[in-house]
Amino acid sequence: MLPSQNLSHRSPGERGIAIIIAAVMMAFTVSTVGLAIDGGLAYLVKERLMAAVDAASLGAARGLNLGEDVATANTNATNSAKRFFAANFPDGYMGTDPTKTTVTAVFTILKNGSGAPTGVLQVDVSGEVTAPTYFMNMFSVAKLKVSGTGTATRRTLVMMMILDVSGSMQSRVATGVIPASVSSASTSCDAT
């Protein structure tokens, strides 16, 4: 300290400026840290939500083969999507509101450029949850809506099994075209 400087001789306008600057900086620091914490929590919810909708889309694609008709298959697939979602995103995860959680499945048959079906079915599952905020409440933001989508595709398969009950599979008539290893009393379904 130089001998010419005397700290006790400050002008009255200079007193307390450090407190004012500290208060302004503290408000800025608290709001920035609060935004970082709330944003980090929302990111964790988003990450878990994305995993849940991905699993739900795979579960819905798998569940499409459960049903006698298209409407029943869609209902079963949608229920399967909701079960897979619930297994991967439990109610109340990180303070989310389970009453405001939605899961929607949409099924689309993909078509080529000329409009003909390609034989591929696309399942899109979207989910939305409401996550609470802790520090952003100071700025009148009490909740954040977090959403995500998952997509799965699968080949459509139409398989039929035809059983012939007409009697054509009964005993053979020996006409000379039957191999010697097959007797005329055996049926067409017997192993040769």
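Show which lysines lie in cross-link reach of Lys143 when reach means a straight Cα distance below 23 angstrom and same-chain residues fewer than eight apart are skipped.
Lys46, Lys100
Contact order normalised by length for region 15-155, with contacts defined as Cα pairs under 8 Å and 6 or more residues apart; what percent is it?
Computed value for region 15-155: 27 percent relative contact order.
Which Cα, out of Phe84, Ile21, Thr149, lies furthest along the positive dipole direction of region 15-155 (beta carbon charges, K/R +1, D/E -1)?
Value: Ile21.
When all C-alpha to C-alpha distances in region 60-117 are sorted into bins of 5 Å, what percent of pairs does each bin hold, rounded to whole numbers?
Binned Cα distances yield the sequence 4, 16, 20, 17, 15, 13, 7, 4, 3, 1.
Per 10 Å bin, what is the whole-percent P(r) computed from every C-alpha pair distance within region 15-155?
12, 30, 23, 15, 10, 6, 3, 1, 0
Just name one of Gly67, Ala105, Thr133: the one whose Cα is farthest towards the positive end of the charge dipole of region 15-155 (beta-carbon charges, Lys/Arg +1, Asp/Glu -1).
Of the candidates, Thr133 comes out farthest on the positive side.
Extending each Cα 7 Å along its Cβ direction at Met26 and Arg62, get the distance between those two points in nm, one decimal.
5.5
FYI, it's all coordinate maths here, none of it is from the lab. In this text the structure is predicted, and so the values were computed from the model without any measurement. Quick reminder, even Gly has a Cβ in these numbers, built from the backbone with ideal geometry, and neighbours come from all protein chains shown.
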